[in-house]
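What follows is calculated from the coordinates using simple rules that are stated; it is not laboratory data. What you see is a predicted model, and the numbers here were worked out from it, not measured in a lab. Don't worry about glycine lacking a Cβ; one is built from the backbone with ideal geometry, like all the others, and counts go over all protein chains shown.
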Amino acid sequence: MILQTLTAFVLSTTLQAQHSQKERCAHHQASGEMMCVDRNGHCMDVLVDGQNTVALTDEATAQRVHAIKHDQDVCWQLMQPVSTKLRVSAKAGGIFPAFLGKIEKIDAHVFQLADFDPAVDSRLDQVEGVRMEADGDPNGTWSLTSERPLKAGEYVVAFQVFGVGNWDKQAVLLKLDPVLPPGPADKTGVGD
Amino acid sequence: MRAICLTGLLLLNGFAFAAGGTQAVLRDRCVAAIGASGQPADVKALHETAIPLAESGFLFQFADAAGAAFSCQICDDGNPANHACGSIGLELSWRPKDGEMKRLPAELDKKCVYFLQKEMKPREEALFIDHAIVKRIQVSADHTDTRWIYKMELDDNAFRCVIRKSDGNFRVERQTGDDWRPIAAGVLF
């Protein structure tokens with residue numbers, strides 16, 4: 001029994017390490033709102049400094065990003081750099097828009113990839129002292145603030161979006177640039 | 001009667017001397033921490049105040065003429081007879097005139113020891129500090145450009161405390177084979 005359990009554990013661990021990006025980021029094979037329960041960002045649209053997040057499909061990039069232990073399934077990316085004081089908004093959308101409903105809160109966990117030192121780090125912890133603040137109505141934009149200035153470079157930012165109905169998460173591979181200004185604020189939450 | 005009064009007076013003087021001695025030792029730890037914090041300061045030119053806190057703690061403040069000040073909150077945490085300290089290692093901060101207070105790195109090795117003994121001591125033990133365990137922890141520094149690393153040994157088991165210099169994030173880890181497994185984590189400053 002113990003041997004069977006150990007074998008199952010080893011196989012499971014090995015399979016996790018061998019996940020393709022397609023497998024890692026697939027939505028749940030159920031119907032209705034259960035399609036969203038893996039919470040890997042398929043049930044919302046996220047806009048960062050005016051850019052829509054898009055699926056991260058390149059296997060080599062995904063492999064490089066997941067070689068670092070940050071415990072995030074990074075399934076999304078931004079094609080252009082954004083501000084270190086970025087503004088983000090989210091809308092219920094994707095494969096089952098009714099899942100989230102109106103947005104009540106956006107949270108962010110920020111991981112600086114270059115900060116991982118494989119010689120001494122068993123894992124990459126998020127940057128401390130970072131938080132999101134609503135610019136006005138919670139359904140509008142939220143601004144990223146940090147106690148210490150964020151450096152230019154490659155990051156994974158996991159946006160957790162809480163709606164009236166449920167919550168979803170997009171872990172986004174992006175580049176931050178302190179020279180860039182943040183996108184415009186939407187204080188009303190009415191959107192376009 | 002006179003002998004009793006004299007003995008009492010001597011005892012009081014003894015306590016006052018011991019308390020004064022403790023205050024001086026704790027004050028010196030604060031001064032050393034300011035010097036090591038990376039925040040430029042000429043401690044001799046600073047105006048000092050000491051505010052007693054609870055049973056065996058002090059808040060030392062060191063202010064400069066421009067209105068900036070260091071605050072150092074410290075407890076007599078190395079004294080096994082004292083059970084009033086909630087942790088080991090002092091808390092140091094600096095506030096510029098009219099500016100926002102910022103916490104500074106200070107006595108990180110002691111804080112690492114505190115978190116290790118906290119994980120190792122029996123759950124039912126009510127005291128914050130188990131001095132018997134603390135005494136058995138051997139610490140050595142092995143820093144890099146981006147991390148403060150304290151190697152710790154306790155009863156032939158290897159641990160380490162890795163502190164990120166950029167934001168004070170830390171992990172205490174136990175060595176298991178070739179792996180380092182986190183047993184505690186948080187922010188130190």
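Starting from the Cα coordinates of chain B, work out the convex hull volume and express it per residue in Å³.
Values: hull volume 30.0 nm³, N = 189.
Convex hull of Cα atoms, per residue: 159 Å³.
Note down the nm distance, to one decimal, between modelled labels 7 Å out along Cα→Cβ at A:Asp107 and at B:Ile183.
It works out to 2.8 nm between the two label points.
Ignore the peptide's own chain and count Cβ atoms of other chains within 10 Å of each Cβ in B:158-166; give me the average, rounded. Please list the in-between numbers first.
On the way: counts 0, 0, 2, 0, 5, 0, 9, 0, 8.
The per-residue average across the peptide is 3.
Got a sec? Charge dipole of the protein assembly as shown, +1 on Cβ for Lys and Arg, -1 for Asp and Glu; which of A:Gly189, A:Gly129, B:Gln23 is way out at the positive end?
Toward the positive end, the furthest listed residue is B:Gln23.
Pulled fully out, how much extra length does the chain show between B:Ser87 and B:Thr144, if you take 0.36 nm times their separation in residues and subtract their Cα-Cα distance? Spell out each step's value before the answer.
On the way: separation 57, 0.36 × 57 = 20.52 nm, distance 2.62 nm.
Here the answer is 17.9 nm.
Could you give each residue of the stretch A:19-35 its phi-based ³J(HN,Hα) in whole Hz, using Karplus coefficients 6.51, -1.76, 1.60 with θ = phi - 60°, and x for Gly or Pro?
3, 7, 4, 4, 5, 4, 9, 5, 7, 4, 7, 10, 10, x, 5, 5, 4
Expressed as a whole number of Å, what is the distance separating the alpha-carbon centroids of the stretch A:26-77 and the stretch A:149-171?
Each part's Cα centre sits 11 Å from the other's.
Can you give the local net charge around A:Gly94? Use residues other than it whose beta-carbon is closer than 11 angstrom to its beta-carbon, Lys and Arg +1, Asp and Glu -1. It would help to have the intermediate numbers written out before the result.
Values: positive: A:Lys91; negative: A:Asp45, A:Asp168.
Every neighbour counted, the sum reads -1.
Which of the trypsin sites (Lys or Arg not before Pro) across the stretch B:96-189 are loop residues per DSSP, with 13 or fewer other Cβ within 10 Å? Kindly include the intermediate steps, with their values, before the conclusion.
Working: sites: B:Lys97, B:Lys102, B:Arg103, B:Lys110, B:Lys111, B:Lys118, B:Arg123, B:Lys135, B:Arg136, B:Arg147, B:Lys151, B:Arg160, B:Arg164, B:Lys165, B:Arg171, B:Arg174; in loops: B:Lys97, B:Arg123, B:Lys165.
Answer by residue number: B:Lys97, B:Arg123.
For B:Gln39 and A:Gln51, what does the FRET efficiency come to when R0 = 25 Å and r is the distance between their Cβ atoms, rounded to the nearest 0.05? Don't skip to the answer; put the middle values down first.
On the way: r = 39 Å, r/R0 = 1.55.
It comes out at approximately 0.05.
Averaged across A:119-129, how many Cβ atoms of other chains sit within 10 Å of each residue's Cβ atom?
On the way: counts 2, 11, 7, 8, 6, 1, 10, 2, 4, 10, 5.
Partner Cβ neighbours, averaged per residue: 6.
Scan chain B and report its longest stretch carrying no GluC sites (Glu not before Pro) that are both in a DSSP loop and have at most 15 other Cβ atoms within 10 Å. Display every interim value, and only then the final one.
On the way: sites that count: B:Glu55, B:Glu100, B:Glu124, B:Glu125.
Between exposed loop sites, the widest span is B:126-189.
What are the ³J(HN,Hα) values, in whole Hz, obtained from phi via the Karplus relation 6.51 cos²θ - 1.76 cosθ + 1.60 with θ = phi - 60°, for each residue of the stretch B:155-160 in sequence order, with x given for Gly and Pro?
In residue order, the calculated couplings are 6, 6, 9, 9, 10, 8 Hz.
Sum up the charges of everything whose Cβ sits under 9 Å from the Cβ of B:Ser93, counting Lys and Arg as +1 and Asp and Glu as -1, but leave B:Ser93 out. Mind dumping the intermediate values first?
Numbers: positive: B:Arg95, B:Lys102, B:Arg103; negative: B:Glu91.
Overall, the nearby charge balance is +2.
What does the charge dipole of the stretch A:109-159 about its Cα centre add up to, to the nearest 20 debye, if the Cβ of each Lys and Arg holds +1 and the Cβ of each Asp and Glu holds -1? Can you show the working numbers first?
Numbers: 4 positive and 10 negative charges, 9 e Å.
Value, rounded to 20: 40 debye.
Using a 10 Å cut-off on Cβ to Cβ distances, tally the other chain neighbours for every residue of B:169-180 and report the average as a whole number. Numbers along the way, then the final one.
Numbers: counts 6, 2, 4, 0, 4, 0, 0, 0, 0, 0, 1, 4.
Per-residue shielding by partner chains comes out at 2.
Would you calculate, for the protein assembly as shown, the mean residue ellipticity at 222 nm contributed by helices, counting each DSSP H stretch of 4 or more residues as -39,500 (n - 2.57) and dividing by all residues, to the nearest 500? Write down the numbers at each step before the final one.
Details: 6 runs with 83 residues, N = 381.
Dividing the helical sum by the residues of the protein assembly as shown leaves -7000 deg cm²/dmol.
Using θ = phi - 60° and the Karplus relation 6.51 cos²θ - 1.76 cosθ + 1.60, list the HN-Hα couplings for the stretch B:145-152 in order, rounded to whole Hz, with x at every Gly or Pro.
With the stated coefficients, the stretch B:145-152 comes to 5, 10, 9, 8, 10, 10, 7, 10 Hz.
Rounded to the nearest 0.05, what FRET efficiency do B:Arg136 and B:Ala63 give with R0 = 45 Å and r taken as the Cβ-Cβ distance? Could you check? Working shown, then result.
Numbers: r = 40 Å, r/R0 = 0.89.
So the FRET efficiency works out to roughly 0.65.
Could you name the lysines in cross-link range of B:Lys111, using Cα to Cα under 30 Å and dropping any fewer than eight places away on the same chain?
A:Lys69, A:Lys151, B:Lys44, B:Lys97, B:Lys102, B:Lys121, B:Lys135, B:Lys151, B:Lys165
When the convex hull of the Cα atoms of the stretch A:18-107 is projected onto a plane and the area is averaged over all directions, what value comes out in nm²? Can you show the working numbers first?
Numbers: hull surface 26.4 nm².
In nm², the orientation-averaged hull projection of the stretch A:18-107 is 6.6.
If neighbour count is taken as other Cβ atoms inside 10 Å, put A:Asp107, A:Asp121, B:Asp178 in order from fewest to most.
On the way: A:Asp107 15, A:Asp121 19, B:Asp178 5.
Fewest to most other Cβ atoms nearby, the residues stand as B:Asp178, A:Asp107, A:Asp121.
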